[in-house]
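The values are calculated or read from the model by the stated rules, or taken from the named source; none is laboratory data. In this text, all values refer to a predicted model and were calculated from it rather than measured experimentally. Here the Cβ is made from the backbone with ideal geometry for all residues, glycine too, and neighbour counts use every protein chain on show.
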Amino acid sequence: MPENISEPRSMRKRIAAVTTVGRGHLGDSLFELLVFMAALTIVLLMALLVYKLYQTAEPSISRFGWGFLTSEEWDPVNDVYGAKPFIYGTIVSSLLALLMAIPLSLGIAIYLSQFAPRWLRSPLGFVVELLAAIPSVVYGLWGIFVLAPFLGKTIEPFFADHFPGVPLFAGPIYGVGLFSAAVVLAIMILPTISAISRESMLNVSSEQKEAAQALGATPWETVRMAVLPLARPGIIGAVILGLGRALGETMAVTMLIGNRPEISASIFAPAYTIASVIANEFAEVTAGLHQAALVELALILLAITLLLNLLARLLVQKTGSRAAKTKSRRA
Amino acid sequence: MGGSINTTGLSALYGGVTAVEDINIEIPANQITALIGPSGCGKSTFLRCLNRMHELVPGARCSGKVIWDGKDIYAPEVDATEIRRGIGMVFQKPNPFPLMSIADNVSAGLRLAGMKRNKALMNETVERSLKMAALWDEVKNKLDKPGGSLSGGQQQRLCIARALAVEPDIILMDEPCSALDPASTQKIEDTMDKLKEKFTIVIVTHNMQQAARVSDFTGFLLTRETGEPGRLIEFGSTSKIFTMPDHKETENYITGRFG
Amino acid sequence: MKNGLHHRRRNLKSNFAYALCALATITALIPLILILAYVVFQGAGALNIDFFTQLPKPVGETGGGMGNAIIGSLMLIGIASVVGLPLGILAGTFLAEYRSPRLSWTVRLLADILSGVPSIIIGVFVYTLLVLTMKRFSALAGGVALAILMLPTVARTTEEMLRMVPDSLREASLALGISRWRTIVSIVIKTAGGGIMTGVMLALARIAGETAPLLFTALNSRTWPTGLDKPVASLPVQIYTYAIAPYADWHQQAWAGSLVLVLIVLILSVGSKLYFGRKMRRVR
């Protein structure tokens, strides 16, 4: 029997001798506590975020009530504030951007997932993703000096001249305005919508496609019959996520939208978004109604993006897209 | 004593389902004990109760006693991590740490218990363990290559060396050769025979011939009917089990009438 | 024949659709090429040693550089990393390695929600939290805002990468008598290290380009960084300030700054993808 051999147990004794904090329960418990607290921090942060914003916005909420949403006045001098022009600018610029981005994004997604030669798919997809890597402020810079002048001299006059009298295109053309901001937003959300749509399309089982092909369907018919319907929840989710990002986009929009808190029928007119007015005015305000009003605007934006985010998650989960969880917001 | 392990009334459960029930076994020291039986009778589950690995599955637990080195390893004041240093395990599919070198793999159990400083001891332990696992000659010139770069059989011997380095009393082997080719299997069986001088070995195998070749003692487990937990039907010296078993069920299994 | 016509028309439609989709892809590439081209050509012209080493000159004087903005950005990224990386990695470890169904679900949900919050709102939040309490704009506040932006991404990426480590490795480690926490740290996290690093670098690439949350946390400055509790210049904010100003010289510098910023972001993004490819292949 091994009792008289001291050797086999010696290594274990040596290990036990040097293991101090790491020893069993203590180290494990400490570590578990550590990771638990780290996870809890995320929960606390969200709660604190909502609480702090509400607390700071409270003076404005109690002062203006629901009228805040319908008032068009934004007058720091007389301390009267209303959210309507900003909500209008935010939503319209984003919807306009969606209108332009969706057909392009879908086209890219279809091309990259169904039509493009296999060797081209990865590199091309990567290049489209590069659009997402460019910082918002660089988009803005390029927008001010390249895009806006171009739009102001070519596209916008084109519509104004060919559709005279249409209020949508009426009014003086500055280059900066709702339309320019929408164009740059469209470019910025393009990678988001196309990447998630593309993944939804790739998730469609090949059996569906093969069934269509066996019936003699052309490539386009295959896409239309077998892929798009099944990828639809994911595509809708992608669009909603893109919308969410457009709503929260700040720098490029601020630099291109003209920053005028007015609602006008023309899409070429200057406008203002919630994110832009906060970016422009928040650094200079002192505590008071002005600051509270700005934070109330932030709360409104938060509520809108939160709702959209939740909606998108529900839809994207249906097609199991992982890309959606990593695509979030930019500045 | 130091190298033997006994169980009294050991049962293993997954949630509400009992996998094995009321196992009473005395595994002698410095011998090779094989556990045989048809698939699904709970041999691996039972094995994992011996080093408290079973309880790592969520909802799983054991009841009964497992006596090693004079104490019940399931007593509340006992630290499971320490038990596992004294009772090691080799798994069915070789699982060396892929990003570590061969040498680091072998010494992992020592280093990660905090023994970094003594380089000479590490090197000596690595060499000794690899020799005991019959792998030294094949890897002595590439000790810094990653553990995943070896062949399947070599990887398994590396895992054996890794388990040996911590110098446990008992080594549990859960179908260690089932993923390997016959040549590697042979090498490992030869190794096992030498190892029993220093260690107690308990091996679960679905290969009866292997059990007959390699082991000194054999235990036969069986679930008598579907839905029933596995039980230890018979335990004795290998020669007896394979030539003159006491129970009919054992005899049926040995002679291949089922399983 | 009726069938033949049908077929031709269908094929025509299919080819047309193909062309449209290809066109869409090309159309998407146009702005990308244009932006990169302008940034490179306009920016390269204004890049010189001065740009990296000099402070901005007072209004009206030409010359100077963005040296302080570059240092400031590095500083902010550093602060964000110190605050955000440990929190994110530990939170991700919790999600991957510990079982707590309700808390995990809540944390995942909130992390996803947090990552969808517009960055300017995060800036407002940190303002109310730190700037108001410290009664000053500070690099610390800016760094914390960036850290909050990074947190959900790092946590989720860490969780994903840790989950990809096979259970057999955890088993092997535990069976050796290595304690749970040591197993997680030295085996699981180390094995997933390459993937986690990629997630980290991608997160850093994103916050490097963030402007909005800095506008009223770190603010801006015309001097070299003077301390954690003082405002600090940063590349994106400086670019913004110069872009909307009326001076042509400043516009040039804005382009140069954009070039540097885009290069930093691209190197971090692309570099991480290459790193990932290399490291993760070894785990298989």
(message) I'd like the residue in the range C:144-176 that is charged (D, E, K, R) and more than 19 Å from B:Asp104 (Cα to Cα) and, out of all such residues, is nearest to the other protein chains (Cβ to nearest Cβ).
(response) C:Arg156
(request) State whether one or more residues within the range C:98-114 are basic (Lys, Arg) and over 27 Å from C:Gly209 (Cβ atoms). (result) yes
(message) Looking at C:Glu61 and the list (1) outside any helix (DSSP H, G or I); (2) within 20 Å of C:Val262 (Cα to Cα); (3) acidic (Asp, Glu), which single condition is not satisfied?
(response) (2)
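State all residues of the range C:177-202 that are farther than 16 Å from B:Pro98 by Cα and at the interface with another protein chain (Cβ under 8 Å from one of its Cβ atoms); if no residue qualifies, say none.
Of the residues in the range C:177-202, the ones farther than 16 Å from B:Pro98 by Cα are C:177-182, C:196-202.
Residues satisfying the conditions are C:Gly177, C:Ile178, C:Ser179, C:Arg180, C:Trp181, C:Arg182.
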(request) Test each condition in (1) modelled with pLDDT of 90 or more; (2) under 23 Å from A:Gly248 (Cβ atoms); (3) not β-branched (Val, Ile, Thr) for C:Trp181 and report the one that comes out false. (result) (2)
(request) Have a look at C:Gly92, C:Gly142 and point out the one that is over 14 Å from C:Glu210 (Cβ atoms), in contact (Cβ under 8 Å) with a residue 40 or more places away in the chain and crowded, with 23+ Cβ neighbours inside 10 Å. (result) C:Gly92
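Quick one: how many residues across the range B:124-137 are free of Cβ contacts under 8 Å to residues at least 40 places away in the same chain and surrounded by 14 or more Cβ atoms within 10 Å (Cβ to Cβ)?
Residues in the range B:124-137 being free of Cβ contacts under 8 Å to residues at least 40 places away in the same chain and surrounded by 14 or more Cβ atoms within 10 Å (Cβ to Cβ): 8 in total.
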(message) Looking only at the range B:138-177, filter to residues that are in a loop (DSSP other than H, G, I, E, B), of a type in the set (D, E, K, R) and touching a residue at least 60 places away in the same chain (Cβ under 8 Å); which one of those is surrounded by the most Cβ atoms within 10 Å (Cβ to Cβ)?
(response) B:Asp169
(message) Given the condition in a loop (DSSP other than H, G, I, E, B), touching a residue at least 60 places away in the same chain (Cβ under 8 Å) and surrounded by fewer than 24 Cβ atoms within 10 Å (Cβ to Cβ), answer yes or no: does some residue in the range B:101-116 qualify?
(response) no
(request) Please specify each residue of the range A:27-83 satisfying the condition of being assigned to a strand (DSSP E or B) and either touching a helix residue (DSSP H, G or I) at 6+ places or on another chain (Cβ under 6 Å) or under 30 Å from C:Met150 (Cβ atoms) (or both). (result) A:Tyr81
(message) Among the listed residues C:Ala205, C:Ala233, identify the single one that is within 13 Å of chain A (Cβ to nearest Cβ) and among the small types (Gly, Ala, Ser).
(response) C:Ala205
(request) Go over the candidates A:Glu199, A:Glu262, A:Glu207 one by one and state the one that is of a type in the set (D, E, K, R) and outside any helix (DSSP H, G or I). (result) A:Glu262
(request) Scan the range C:27-50 for residues that are free of Cβ contacts under 8 Å to residues at least 40 places away in the same chain, more than 24 Å from the chain's Cα centre (by Cα) and surrounded by 14 or more Cβ atoms within 10 Å (Cβ to Cβ) and jot them down. (result) C:Thr27, C:Asp50
(request) Would you be able to say whether some residue in the range C:54-68 is surrounded by fewer than 13 Cβ atoms within 10 Å (Cβ to Cβ), away from chain A (no Cβ under 11 Å) and among the charged types (D, E, K, R)? (result) yes
(message) So, C:Ser115, is that one within 8 Å of another protein chain (Cβ to nearest Cβ), modelled with pLDDT under 95, surrounded by fewer than 24 Cβ atoms within 10 Å (Cβ to Cβ) and more than 23 Å from A:Ser29 (Cα to Cα) or not?
(response) yes
